[in-house]
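Only one structure is covered here, and it is reproduced in the block below.
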Amino acid sequence: MAVPNPFNRADYLLAAHTHRQLPPDGGREVAFAGRSNAGKSSALNALCGRNALARVSKTPGRTQQLVYFGLPPHEGKYLVDLPGYGYAKVPQDLQAHWQAFLDGYFGSRGALAGLVVVMDIRHPLKDYDRSMIGYAMRRGLPAHALLTKADKLSRGAAMNTVQAVRKDLSATYGDSVSVQGFSGETKQGVDELRAIVAGWLEI
């Protein structure tokens, strides 16, 4: 029997470029971070079972704001899409703005319940990925490393990468960071991701 998807009514709520534009700091939210082209939009769409909830861009790095998705009927529960950089040609002043915004967001956002760090399984644990996990660890929040595009590797190679990433993160953070393989294309790992995010959001 299919498990009901608690995210299938997710809907765009708002995009915030400054702290003043964030929703009231109550309830619970889970943030998604990932370098440009890591497959973050595809992962959010697969999580929610919606094809175009998060925009899948042909020009990576277009998410320039914190994008909030509400989860009716669960009042005050949100998914938050953080801006992803890598390939994007981002002006230096905008980078500085985002650095300050994210520092403040991770440092003081009481509603934040966990962080999913999306990485291409073929290129995991880049500096950006480690810095995002570091944000969560400093706040004492759980983090989940989502290794996307697992369909691009053989099953054995994908499993080996997941194990290697798990070993690396475990050496630094113990069991505070969970790791899984994932494919938005084949929906591999979608149920596992839903269970983790739903648990953090308490829905």
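Could you check R139 against (1) open to solvent by 50 Å² or more (accessible area, probe 1.4 Å); (2) out of contact with any Phe, Trp or Tyr (no Cβ under 7 Å at 6 or more places or on another chain) and say which number it fails? It fails just one condition, (2). Selection within region 23-52: residues that are modelled with pLDDT of 95 or more, in contact with a strand residue (DSSP E or B) (Cβ under 7 Å, 6 or more places away or on another chain) and part of a helix (DSSP H, G or I). The member of this set that is surrounded by the fewest Cβ atoms within 10 Å (Cβ to Cβ) is A43.
When the residues of region 105-123 are filtered to those that are surrounded by fewer than 22 Cβ atoms within 10 Å (Cβ to Cβ) and closer than 19 Å to A46 by Cβ, the one that is farthest from the chain's Cα centre (by Cα) is R122.
Working carefully through the options L102, L147, L169, find the one that is crowded, with 20+ Cβ neighbours inside 10 Å, touching a Phe, Trp or Tyr at 6+ places or on another chain (Cβ under 8 Å) and either modelled with pLDDT of 95 or more or within 20 Å of R28 (Cα to Cα) (or both).
So the residue among L102, L147, L169 that is crowded, with 20+ Cβ neighbours inside 10 Å, touching a Phe, Trp or Tyr at 6+ places or on another chain (Cβ under 8 Å) and either modelled with pLDDT of 95 or more or within 20 Å of R28 (Cα to Cα) (or both) is L147.
Mind listing whichever residues of region 132-156 are over 23 Å from S36 (Cα atoms) and small (G, A, S)? Once the filter is applied, which keeps residues that are over 23 Å from S36 (Cα atoms) and small (G, A, S), region 132-156 yields G140, S154, G156.
When residues of region 172-199 are filtered for being open to solvent by less than 60 Å² (accessible area, probe 1.4 Å) and not hydrophobic (A, V, I, L, M, F, W, C), how many remain? Spell out how you get there, then give the answer.
Pass one, region 172-199, residues open to solvent by less than 60 Å² (accessible area, probe 1.4 Å): 174, 176-184, 189-190, 193-194, 196-199.
Checking the rest, the ones that are also not hydrophobic (A, V, I, L, M, F, W, C) come to 174, 176, 178, 180-181, 183-184, 189, 194, 199.
Selection size over region 172-199: 10.
If you check R62, R20, R55, which single one turns out to be at pLDDT below 95, outside any loop (DSSP other than H, G, I, E, B) and among the charged types (D, E, K, R)? Can you show your working first?
Working: R62 fails: outside any loop (DSSP other than H, G, I, E, B); R55 fails: outside any loop (DSSP other than H, G, I, E, B).
The conditions single out R20.
The values are calculated or read from the model by the stated rules, or taken from the named source; none is laboratory data. Just so we're clear, the structure is a prediction, and the values are computed from it rather than from any experiment. Note: ideal-geometry Cβ built from the backbone for every residue, glycine included; neighbour counts use all protein chains shown. Accessible surface areas use protein heavy atoms only, side chains included; no ligands, DNA or RNA. Shrake-Rupley method; radii C 1.70, N 1.55, O 1.52, S 1.80 Å.
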